[in-house]
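Data block below; observations after.
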There are 2 protein chains.
Amino acid sequence: MYTYEYPRPSVTVDCVIFGLDQESLKVLLIQRKHDPFAGKWALPGGFVDMDEPIDQAAQRELEEETGISGMYMEQLYTFGDVHRDPRGRVISVAYYALVNLTAYQHQVVAASDASQARWFAVADLPLLAFDHEKVMEIAVKRLKNKVRYQPIGFELLPEKFALSQLQNLYEMILGRTLDKRNFRKKILKMNLLVELAEMQQGVSHRAAKLYKFDKENYQQLEAKGFSFEI
Amino acid sequence: MYTYEYPRPSVTVDCVIFGLDQESLKVLLIQRKHDPFAGKWALPGGFVDMDEPIDQAAQRELEEETGISGMYMEQLYTFGDVHRDPRGRVISVAYYALVNLTAYQHQVVAASDASQARWFAVADLPLLAFDHEKVMEIAVKRLKNKVRYQPIGFELLPEKFALSQLQNLYEMILGRTLDKRNFRKKILKMNLLVELAEMQQGVSHRAAKLYKFDKENYQQLEAKGFSFEI
DNA sequence: CCAAAAGTGTTACAAGTACACCCATGA
DNA sequence: TCATGGGTGTACTTGTAACACTTTTGG
């Protein structure tokens, strides 16, 4: 067994947890209990254990804050400036996750190192601790880009959804309106949605058809060279 | 001043250095002098110094192996599985760089921890040390994708180039042939190339017009919402 | 004069964009 | 019966794909 004699930085993971409700795209922040930045809002995160892969550390953080496991999560970027943490050299691997807010909103709980956890509109964030403003900026950019070329938007919706919900999602994330007819034409032509027998319930207007995303078919089509694009 | 009492992993950077010559897309590998994996080929890399940003560590590695500085370089992905290095917990932040092989090929020099450094065709790599096969796979995927949506291909060419060189580059990276007339139409319509007075020299056939990439104009167009696409 | 790559337009088809009205439902 | 969002088709414009011959140059 060999060992390294180099001094070592600390390594943390930070999670940008995106959710979507009727009004806007949201992100989950925690209020820090301890210094540095006590009282400030920050992205949930924490240390990577020595016997834990970094992906798993990120999943653990997500679960500690939301109680959700198995959600869509992807590595975002690694932040390694020397002075990004006043306590010393800390390299942070950032992840972003997409969660279905409708189903899980009530479960958000502050972990032990936070005095509270809350959803904030991405367009209206408080000042953030560390370099988390920069992390957010990159996360939003990545989400905007990714959502156009991969069908990850569905992760933000309930399993059964109406086309207008899906369109709304794209409009909120991309920050522009889309033509209803063209949107429907395009998305339905892809054969990625299964029309359900079930209809929207409890609305005071014509009920919409519900659809679900056909993941199996997407994977097959993708293997044959199909590429998703909005 | 605060300190962390957590055990700390080691952090390294690894560099995927891409180059292009007449035949194919290449990558620079070093042959390891020491264990683990002594004698095996690997991506150039090394430890991040405590007072050095990770981006800068990657640039330093690039420069140590190639003598080149200021080349296009971008963070790729961070690899953090527990057993990826037999010596202990080592988290590696991978970068990829694009260099102009025509101009710099002769300058490749093995750094002190390597017995030699050599360019290999990406399509025909030797077995690699650590998890570097996986790193390469992700790097090639990223390059293939990125080159279609951002004008980074030019980084692999000399400053002055013929359209056929550019087309060749895309064909080699994307792994398929492109129609000459359609390619020229598309790329010229973008207004990103400046036609130079100079012509190709020393070829035994009709000399091609030379062009250069108009970076300033690209940035202006991009700011106005233009998006590059091949 | 031959070999080798440079350079050049047109047509057919597919995809994208713009646009306005009737329908179903619950209050 | 009104308010609210659901649902639908067509014409126009733009982009993509397929395709073959002439030009220039050096050897």
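The values are calculated or read from the model by the stated rules, or taken from the named source; none is laboratory data. This one's a predicted model, so the numbers in the text were calculated from it and none came from an experiment. In this analysis, Cβ positions are derived from the backbone assuming ideal geometry, glycine residues included, and neighbour counts consider all displayed protein chains. For the accessible areas, the whole protein counts, side chains as well, though only heavy atoms, and no ligand, DNA or RNA atoms are used. Shrake-Rupley method; radii C 1.70, N 1.55, O 1.52, S 1.80 Å.
Each listed q (0.18 Å⁻¹) maps to a log10 I(q)/I(0) for segment B:10-149, found by the Debye formula over equal Cα scatterers with no solvent: -1.03. Distances, shortest first, from the label point of residue A:33 to those at the same position in the other copies read 5.0 nm; the point lies 7 Å along Cα to C-beta.
Grab the beta carbon distance between residue B:74 and residue A:219, set R0 = 22 Å, and tell me the FRET efficiency rounded to 0.05. The pair residue B:74/residue A:219 has a calculated efficiency of 0.15. Each residue was assigned an accessible area with a 1.4 Å probe, and for residue A:98 the value is about 0 Å².
Note on residue B:102 and residue B:141: the extension gain reaches 11.7 nm, defined as 0.36 nm multiplied by sequence separation minus the Cα-Cα distance. The label-point distance for residue A:168 and residue A:87, in a model that sets each label 7 Å from Cα toward Cβ, rounds to 4.1 nm. In nanometres and ascending order, the distances from the residue B:226 label point to those of the other copies are 3.5 (point 7 Å from Cα along Cα→Cβ). Between identical copies, the spacing of residue B:203 label points, each set 7 Å from Cα toward the C-beta atom, reads 5.9 nm from nearest to farthest.
Ellipsoid semi-axes for segment B:157-223, based on the Cα gyration tensor and the rule √(5λ), read 20, 17, 11 Å when sorted largest first.
Could you work out how much longer the chain between residue A:124 and residue A:229 gets when fully extended? Use 0.36 nm per residue separation minus the Cα distance between them, nm to one decimal.
Numbers: separation 105, 0.36 × 105 = 37.80 nm, distance 2.83 nm.
Using 0.36 nm per residue and subtracting the Cα-Cα distance, I get 35.0 nm.
Computed with every protein chain present, the accessible area of residue B:49 is close to 60 Å² [probe 1.4 Å]. Between segment B:1-58 and segment A:36-67, the C-alpha centres lie 26 angstrom from each other.
Hey, what number do you get for the protein assembly as shown at 222 nm if only DSSP H runs of n ≥ 4 count, each worth -39500 (n - 2.57), divided across all residues, to the nearest 500? Don't jump to the answer; show the numbers that get you there.
Details: 12 runs with 132 residues, N = 460.
That calculation yields -8500 deg cm²/dmol at 222 nm.
Given the pairs A:146/A:212; B:141/B:180; A:189/B:189; A:186/B:180; B:141/B:189, which are separated by over 22 angstrom at their Cα positions? Among A:146/A:212; B:141/B:180; A:189/B:189; A:186/B:180; B:141/B:189, the Cα-Cα distance tops 22 Å for B:141/B:180; A:189/B:189; A:186/B:180; B:141/B:189.
Treat every Asp and Glu Cβ in segment A:76-159 as -1 and every Lys and Arg Cβ as +1, leave all other atoms uncharged, and give the resulting dipole magnitude about the Cα centre to the nearest 20 debye.
Details: 10 positive and 9 negative charges, 51 e Å.
Dipole about the Cα centre, nearest 20: 240 debye.
Between the alpha-carbon centers of segment B:82-100 and segment A:147-181, tell me the distance in whole angstrom. So the separation of the two Cα centres works out to 36 Å.
Look at the alpha carbon pairs under 8 Å that are at least 6 residues apart: their mean separation over the length of segment A:157-223 gives a relative contact order of 36 percent. When only the Cβ of Lys, Arg, Asp and Glu is charged (+1, +1, -1, -1), the dipole of the protein assembly as shown relative to its Cα centre reaches about 2260 debye.
For the pair residue A:109 and residue A:182, what calculated FRET efficiency results from E = 1/(1 + (r/R0)^6), where r is the Cβ-Cβ distance and R0 = 45 Å, to the nearest 0.05?
Values: r = 42 Å, r/R0 = 0.92.
After rounding to 0.05, the efficiency reads 0.60.
Inside 10 Å of the C-beta atoms of B:40-51, what's the mean count of C-beta atoms belonging to other chains?
Average neighbour count from other chains, rounded to a whole number: 2.
Between residue B:116 and residue B:198, what is the FRET efficiency for a Förster distance of 30 Å, r being their Cβ-Cβ separation, to the nearest 0.05?
On the way: r = 37 Å, r/R0 = 1.23.
The value I calculate is 0.20.
Evaluating 6.51 cos²θ - 1.76 cosθ + 1.60 at θ = phi - 60° for every residue in segment B:220-230, the Karplus couplings come out as 5, 4, 4, 4, 8, x, 4, 10, 5, 7, 9 Hz, glycine and proline recorded as x.
Highest GNM mean-square fluctuation among A:52, A:133, A:74, for chain A modelled with Cα contacts below 10 Å: A:52.
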